[in-house]
Structures are given as C-alpha cells and as structure tokens.
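For reference, the structure is listed below as structure tokens.
The values are calculated or read from the model by the stated rules, or taken from the named source; none is laboratory data. Bear in mind that the values here come from a model prediction, so they are computed numbers and not experimental data. For neighbour counting, all protein chains shown are included, and Cβ atoms are generated from backbone atoms with ideal geometry for every residue, glycine included.
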Amino acid sequence: SSDLSWSANGHWIYYASKRSGRFEIWEAPAAGGKETQVTRNGGFIATESSDGRLLYYTKTADNSSDLWAIPLAGGNERRVLESIALRAFVVRDDGIYYVSSPAADGGASTWFYDFAAGKSRKITSFRTNFAGGLTVSPDRKTMLLSVFSRTGSNVMVVDNFH
C-alpha cells in the first residue's frame with residue numbers, strides 16, 4: 001500500500017492497494033468496516049478536498065505523474081494537472097500547491113494552481129535535487145520541501161565483519 005490520508009470529516013481513510021492487479025485508491029471507514037474501491041483506472045497517492053466532494057490522486061508511483069480528481073458521489077475522473085513530482089501536491093479550498101516534475105539537472109519549481117482562474121502561477125524555482133515531500137503551513141507563509149542535500153555515493157566501512 002501507499003501513503004495514507006484522512007477524509008476531510010475524519011470518517012474515512014484513503015490508501016492504495018494492488019489487490020485488483022494494479023494500484024487503485026480504496027477507502028476504509030476509520031471506525032472499521034467494509035473497504036470500497038474508489039478509482040478504476042489506477043491510483044496511488046490520494047487527498048480528499050476540504051468539502052469532501054472530490055478525491056485528488058496520482059495514478060502511479062513514478063517520479064512524475066498527472067494529478068486526477070474524481071467526484072466521491074460518483075462520476076468520471078478528470079485530469080487536473082500534468083507532470084507533478086512524486087507525492088508533491090497539497091489541496092486547499094482555492095487551489096493546489098504542487099512541485100513540477102524535476103528537470104534533468106534535478107531542479108524543479110513550486111506552483112499554485114488557482115481553481116477560479118483555471119491556471120497555475122510559479123512560486124519559486126530551486127536547483128537542489130527534489131526528494132518528493134511538500135507541505136504548506138496553514139497560514140500559507142511557509143512551504144517545506146524535501147530535497148537531497150548532496151549527490152554521489154556514500155561509503156560505509158564495517159570492521160570485524162564475519
């Protein structure tokens with residue numbers, strides 16, 4: 001399974017399972033009970049909208065994935081964003097913070113997709129190798145990103161190994 005997430009009301013837990021032959025998003029009652037498959041065309045990392053109407057998700061565990069949304073009351077999925085990096089998206093009432101897929105040099109950019117405007121604006125770019133994590137503080141003044149601080153290989157010496 002993949003990362004877990006809570007529903008907006010705290011009654012459900014979303015997770016990915018490969019029990020159908022490929023990763024799909026499932027929901028399980030937080031208090032226990034019958035699990036239900038939510039996606040039908042793939043699903044890996046999921047987050048529910050704050051109003052509980054939509055589930056946003058990536059379809060693969062790849063380094064780059066499109067972001068999709070599906071109405072939880074039933075309906076068809078739709079692509080929301082193309083080429084976001086790893087698990088790097090945060091859904092808010094008015095839009096989505098995300099990291100674009102890393103460039104060949106490992107650098108990437110953070111963006112905000114505005115629901116009302118229907119477009120993204122760049123927040124910042126960075127050259128450090130992006131490691132996949134993103135979170136935004138509740139007041140939206142601070143964003144935390146996971147990055148690799150160095151590249152190359154580590155060497156470990158183990159003495160007296162038998």
field: Filter result for Ser137 (at pLDDT below 95 and of a type in the set (S, T, N, Q))
entry: yes
query: If you go through the stretch 14-27 one residue at a time, do you hit one that is out of contact with any Gly (no Cβ under 7 Å at 6 or more places or on another chain), over 25 Å from Pro138 (Cα atoms) and among the aliphatic types (A, V, I, L, M)?
result: no
statement: Filter the stretch 1-38 for residues that are β-branched (Val, Ile, Thr) and closer than 14 Å to Gly52 by Cα; the one that is surrounded by the fewest Cβ atoms within 10 Å (Cβ to Cβ) is Ile13
- line: Checking Ala69, Ala31 in turn, the sole residue that is without any contact (Cβ under 8 Å) to a residue 40 or more places away in the chain and touching a His at 6+ places or on another chain (Cβ under 9 Å) turns out to be Ala31
message: I'm checking my understanding of the structure. Among residues of the stretch 39-48 that are surrounded by 20 or more Cβ atoms within 10 Å (Cβ to Cβ) and among the polar types (S, T, N, Q), which one is farthest from His11 (Cα to Cα)?
response: Thr39
message: Take the residues in the stretch 140-152 that are of a type outside the set (Lys, Arg) and at pLDDT 85 or above; name whichever of them is farthest from Ile45 (Cα to Cα).
response: Thr142
